[in-house]
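Q: Quick one: the structure is below, and I'll ask about it shortly.
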Amino acid sequence: MTKYLCLVFMFALASTAPLRAQEKPAAPVVTPLKIQVTISRYQGEKKISSLPYTLSINSEPNNQGRGNLRMGAKIPVMMVATPIVDGQKMPAAGPIQYQDVGTNIDCFTRSLDDGRFRVDISIDDSSVYPEEKTATNATSGNPTFRSFRASDSMVLKDGGTAQFTAATDKVSGEVVKVDVTLTVVK
């Protein structure tokens, strides 16, 4: 009887081995994140604008989470032709071209150890200068455009905020600061 029980026990163990081998590997842990990017402009110490943008991204340890934002408009710009008539340059209206202005943000995240996340961000922000801040008066009624581009990486924890970058506009003297906040969505 003991031999019979041993045989039954060994057969039971052997028959479960293929079942354990067929078990699916654990699914990767997906962490939903909210990334807030705030672009602020300062004239001296005075904040003159603050524009927040929010991206929702799923982050995994072995895969990059990704989010993109595109927001803007097309501004018509009159091209000026300068034909020579009777030996004199005569400005004349030319065709209209459209200039893209707005904000483009690309964000990639990856889960790290201890609840930290690597955040890779690229920002491309362009806008029209207010008329009183244009570089020259020789713009012939056309708008003057400003642009700001930055790209870098940072490591943040849940609820963490860090200044991504800061730069001074050579024409207007405005300081542009970009802050990034990461929040784990519960």
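Where a number appears in this text, it was derived from the coordinates with a stated rule and is not lab data. Everything numeric in this text was worked out from a predicted model, so none of it was measured. Note that each Cβ is placed from the backbone with ideal geometry, even for glycine, and that neighbours are counted across all protein chains shown.
Q: Considering only Cα-Cα distances, which of the following residue pairs are longer than 22 Å: K89/K170; K74/K170; K46/K157; K34/K186?
A: Working: K89/K170 32 Å; K74/K170 24 Å; K46/K157 29 Å; K34/K186 10 Å.
Correct reply: K89/K170; K74/K170; K46/K157.
Q: Let me ask another. Beyond 26 Å, what share of the Cα-Cα pairs of the stretch 29-184 is found? Please give it as a whole percent.
A: So the pairs more than 26 Å apart make up 42 percent of the total in the stretch 29-184.
Q: Count the net charge of all other residues whose Cβ sits under 10 Å from the Cβ of S59, scoring Lys and Arg as +1 and Asp and Glu as -1.
A: So the environment of S59 carries a net charge of +2.
Q: Another question, then. Provide the net charge surrounding F148, with neighbours chosen by a C-beta distance below 11 Å and charges set as Lys +1, Arg +1, Asp -1, Glu -1. Could you put the intermediate results ahead of the total?
A: Working: positive: R41, R146, R149, K177; negative: D124, D125, D169, E174.
Net local charge, F148 excluded: 0.
Q: From the backbone phi of the stretch 46-61, what are the Karplus-calculated ³J(HN,Hα) couplings (6.51 cos²θ - 1.76 cosθ + 1.60, θ = phi - 60°) in whole Hz, Gly and Pro given as x?
A: Each residue's phi maps through the Karplus curve to give 8, 6, 9, 7, 8, 10, x, 10, 10, 10, 9, 9, 9, 10, 10, x Hz.
Q: Given Cα pairs under 8 Å that are at least 6 residues apart, what percent is the relative contact order of the stretch 29-184?
A: 24
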